[in-house]
Ligand code: CA
């Protein structure tokens, strides 16, 4: 899951962005709304975590603008403003959720996963594809009910595929989802991770679509 974090406080921004990364969220952190707005126009995010007190314009200004432009990305407001009227104002401005600082990282992560579920219209917190089951909260996977050990990069890659099970994804789209800005990727790293997933589950789990990229194999495929 790729998250855009807007937070002007250095300590909090650093803590939340590195904390989310350690929990497997690709996270881009910006300190003001202008830069975040720019990033939102040039990359695809699964959710935005938005502070309200920002140095340029207030977070509600940006939220209102994104909603007027019909940007559907889920937004969690993260703020020190804890009054009832302010929470109502934030939700009415188009926020999907509202958290008051200080926030427990575990709770923020759980709320992000809940938002992602809602966006996919899925009630079951475990993602399934044929004999594969994957729990994004614990990052544990099973294949025909047998546990499969995954590194955090492998789990992140699996999430990218499972979140868009019917789409062919270009290498560029996959890499964008996997890594935050500024994180370099060795040229053949994606192929290596895909090889690992095929070896750990089944070769048919991920199809190579010649000249385009990759896609999940059919849920009822030969070995599924
Ligand atoms: Ca602030």
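Every read-out reported here was derived from the displayed coordinates using simple, explicitly stated rules and does not represent laboratory data. The shown structure was predicted, so the numbers you read here are calculated from the model rather than taken from an experiment. Positions of Cβ are generated from backbone atoms using ideal geometry, with glycine treated the same way; all protein chains shown enter the neighbour counts.
Taking Cα centroids, how far is region 30-85 from region 105-149 in Å?
Here the answer is 26 Å between Cα centres.
Which translational diffusion coefficient, to the nearest whole µm²/s, is obtained for region 71-204 from the Stokes-Einstein equation, given a Kirkwood hydrodynamic radius over C-alpha pairs, 25 °C and 0.890 mPa s?
Numbers: Rh = 17.1 Å.
My calculation gives 144 µm²/s for D.
So which residue, out of 191, 154, 176, gets the largest mean-square fluctuation from a GNM of the chain using Cα contacts under 10 Å as springs?
Of the options given, 191 has the highest mean-square fluctuation.
Let me know the shape class of region 44-98, please: from the alpha-carbon gyration tensor, a ≥ b ≥ c as square roots of the eigenvalues, rounded when a/c is under 1.5, otherwise prolate if a/b is greater than b/c, or oblate. Intermediate values should be presented prior to the final figure.
On the way: a/c = 1.58, a/b = 1.41, b/c = 1.12.
Here region 44-98 falls in the prolate category.
Once both axes come from the Cα atoms, what is the angle between helix 105-119 and the longest principal axis of the chain, in degrees from 0 to 90, rounded to 10?
With both axes taken from Cα atoms, the answer is about 70 degrees.
For a protection proxy built on the mean count of beta-carbon atoms within 10 angstrom, sort 28-35, 77-84 highest first, please. Kindly include the intermediate steps, with their values, before the conclusion.
Working: 28-35: 18.9, 77-84: 16.2.
Ranked by mean Cβ neighbours within 10 Å, highest first: 28-35, 77-84.
Full-extension gain between residue 35 and residue 123, please, as 0.36 nm times their residue separation minus the C-alpha to C-alpha distance. Mind showing how you got there, number by number?
Values: separation 88, 0.36 × 88 = 31.68 nm, distance 3.37 nm.
Using 0.36 nm per residue and subtracting the Cα-Cα distance, I get 28.3 nm.
In degrees from 0 to 90, rounded to the nearest 10, what is the angle of the helix 59-68 Cα long axis to the longest principal axis of the chain?
So the inclination is approximately 60 degrees.
Given the Cα-Cα distance of residue 67 and residue 100 and 0.36 nm per residue of separation, how much length would full extension add, in nm?
On the way: separation 33, 0.36 × 33 = 11.88 nm, distance 2.17 nm.
Result for the pair: 9.7 nm of gain on full extension.
Have a look at the chain and give its Rg and Dmax from the Cα atoms, expressed in angstrom.
18.3, 56
Fewest Cβ neighbours within 10 Å first, please rank 89, 107 accordingly.
By the 10 Å Cβ count, ascending, the order reads 107, 89.
Once you sort the root eigenvalues of the Cα gyration tensor of region 1-113 as a ≥ b ≥ c, which label holds: rounded (a/c under 1.5), prolate (a/b larger than b/c) or oblate (the other case)? Walk me through the intermediate numbers first.
Working: a/c = 1.35, a/b = 1.11, b/c = 1.22.
Rounded.
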